[in-house]
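Below: one structure, written as structure tokens.
The values are calculated or read from the model by the stated rules, or taken from the named source; none is laboratory data. Note that the coordinates shown come from a computational prediction; the quantities given were computed from them, not determined experimentally. Every residue, glycine among them, receives a Cβ derived from its backbone with ideal geometry; neighbour counts consider all protein chains shown. Just the protein is used for accessible areas: all its heavy atoms, side chains included, with ligands, DNA and RNA removed. Shrake-Rupley method; radii C 1.70, N 1.55, O 1.52, S 1.80 Å.
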Amino acid sequence: MDKYRRLRRRIVEDPDLADDVLLVPPAATDEQLLLAHSTRYLSAVCEGKLSDAEIRRIGFPWSPKMVERSRRSTGATMAAARSVLSSSSEGLRASVNLAGGTHHAMRDAGEGYCVFNDAAVTLLTLKQEGLIERALVIDLDVHQGNGTAEILEKSEWALTLSMHGRKNFPARKHPSDIDIDLEDGTDDETYLGLLGGALEDLTSREAPDLVIYLAGADPFRDDRLGRMNLTMNGLARRDQLVLQYCSQQSLPVAIAMAGGYCEDIDRIVDIHHQTVSIASSLSKISNAETIS
């Protein structure tokens, strides 16, 4: 969790981001979480009644702080989405959750360091409130977004795209609407070519009212769990491709940081900071907000 503290400090200390706004989001409520998660699972999480097997599947121990952190992380993606939906500025409309991207959490289970699924909770809440009609999730974490796909599989208004390592976690993948499988060792040019093609194909579909972009740091070549061969420059070009697509299509985008597992935490922070900087630079005319 230290990466989140370091990332926030990096953002605060960056003079190029001084005009952006840092906000503390509200925690997701039970009512909002229940749109994506089962009553049994939410109760087990909140009351500390997860089984040992369920805790092992999540990957870290239960505590009241874990529950609050998970609520806040989910609330932050929702706050980012609300912020960008309320913006009427021209150009790229973007807002960032400095955490989030908990895409392995399913309706009745947590998994892979994910307790609540922030993207699914956000989209289902905004849909219920009538703030969006259609949505798109662009998941570029190196691990497949199985939880998001499972929760949203019957929501025909929500399109899920996941670009991930074919042989990487999770072993059992739940099909997204669009899955792009990558081989171990995929390099910048191969990755960017596939991503560019996928984004081009999206332009022929009905435009969403909101995009949620999971900008994982774990495709980086030095990530201990990623098994990809992307450079810092490749990741920067990835972010630029996605955000330019959103800008050109006039699509508001809420960004979540998702995974990153370098031994050197500062390298993870570098990648996340790069994502925020690119979003901010492309959003200056729209006075982008950053949600912490």
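A few remarks follow.
- The sole residue among Ala135, Ala120 that is within 14 Å of Arg82 (Cβ to Cβ) and either buried (at least 24 other Cβ atoms within 10 Å of the Cβ) or touching a residue at least 60 places away in the same chain (Cβ under 8 Å) (or both) is Ala135.
Per-residue answers, yes or no, for (1) over 17 Å from His104 (Cα atoms); (2) without any contact (Cβ under 8 Å) to a residue 60 or more places away in the chain; (3) within 23 Å of the chain's Cα centre (by Cα):
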{"position": "Ile11", "(1), (2), (3)": "yes, no, yes"}
{"position": "Pro26", "(1), (2), (3)": "yes, yes, yes"}
{"position": "Gln32", "(1), (2), (3)": "yes, no, yes"}
{"position": "Ser38", "(1), (2), (3)": "no, no, yes"}
{"position": "Val45", "(1), (2), (3)": "no, no, yes"}
{"position": "Ala53", "(1), (2), (3)": "no, yes, no"}
{"position": "Ile58", "(1), (2), (3)": "no, yes, yes"}
{"position": "Pro64", "(1), (2), (3)": "yes, yes, no"}
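- Some residue of segment 152-170 being of a type in the set (Lys, Arg), in contact (Cβ under 8 Å) with a residue 40 or more places away in the chain and in a loop (DSSP other than H, G, I, E, B): yes
- Candidates in segment 178-209 are the residues that are without any contact (Cβ under 8 Å) to a residue 24 or more places away in the chain and open to solvent by less than 90 Å² (accessible area, probe 1.4 Å); of these, the one that is farthest from Gln240 (Cα to Cα) is Glu183.
- Residue within segment 144-155 that is open to solvent by 10 Å² or more (accessible area, probe 1.4 Å) and either at pLDDT below 95 or within 24 Å of Leu241 (Cα to Cα) (or both) present: no
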